[in-house]
């Protein structure tokens, strides 16, 4: 299955910018992560704050991914989930970024489709916070019978970011000639993978 790149090339277009978080000391940041938001749900449509946050996040995604609406399949029917990282209510309602992902119980994989960070908040460790939140979710909440790994596709420039978080390259994704004719099709991506720690093995070591 081909998936969209999780980091847009525009994230690396500025001189001196080589990675979302590479070699940067994050500033102190107060934040909260809202999990599994359904953008078109009654809960969101009837809640002024949630609706405002989703609108901000959608604009961040459109800026990062060529005008695409990244949330079209974030519903129970399609299975994609949306997490938003934002300011706590007492500090304001500015959205820093988001991640869109899906749990494939058949293949026991958590697929990341999009990660986007607002341009004004890049290089502050926000991408790392989003990624770590998924790793913690997979390791502490889900069971090994549900998810055994997290997988994503990324542009070559983003590989060091994922490697920093213990992901490894598993294969190259090269666009076909037909795909290269499409708008915004990336010629080369890498599939990155992080294996979820097996809690059963950790428990057996603890007993010894």
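Taking one quarter of the surface of the C-alpha convex hull of region 9-207 gives a mean projected area of 13.4 nm².
Compared with the alpha-carbon gap, the fully stretched path from residue 76 to residue 144 is longer by 22.2 nm at 0.36 nm per residue. Could you calculate the FRET efficiency of residue 175 with residue 90 from 1/(1 + (r/R0)^6), where r is the beta carbon distance between them and R0 is 45 Å, rounded to 0.05? Efficiency at R0 = 45 Å is approximately 0.45. Legend: ranking of residues 91, 71, 167 from fewest to most surrounding C-beta atoms inside 10 Å; resulting order 91, 71, 167. The shape of region 84-162 comes out oblate: with a ≥ b ≥ c from the C-alpha gyration tensor, a/c is at least 1.5 while a/b does not beat b/c. Here the peptides 64-70, 154-160, 45-51 are ranked by packing, the mean other Cβ count within 10 Å, and the order with the highest first is 154-160, 64-70, 45-51.
Counted by neighbouring Cβ atoms within 10 Å, the residues 111, 106, 78, 165 run from fewest to most as 106, 78, 165, 111. Under 12 Å from a label point set 7 Å out along the Cα-to-Cβ vector of residue 136, the amide N atoms of region 92-130 belong to 129-130.
Listed by Cβ neighbour count within 10 Å, with the fewest neighbours leading, 178, 73, 119 appear as 178, 119, 73.
All of the numbers you see were taken from the coordinates with simple rules; none came from a lab. Quantities reported herein were computed from a predicted structural model and do not represent experimental measurements. Please note: Cβ atoms are built from the backbone with ideal geometry, for glycine as well, and neighbour counts cover all protein chains shown.
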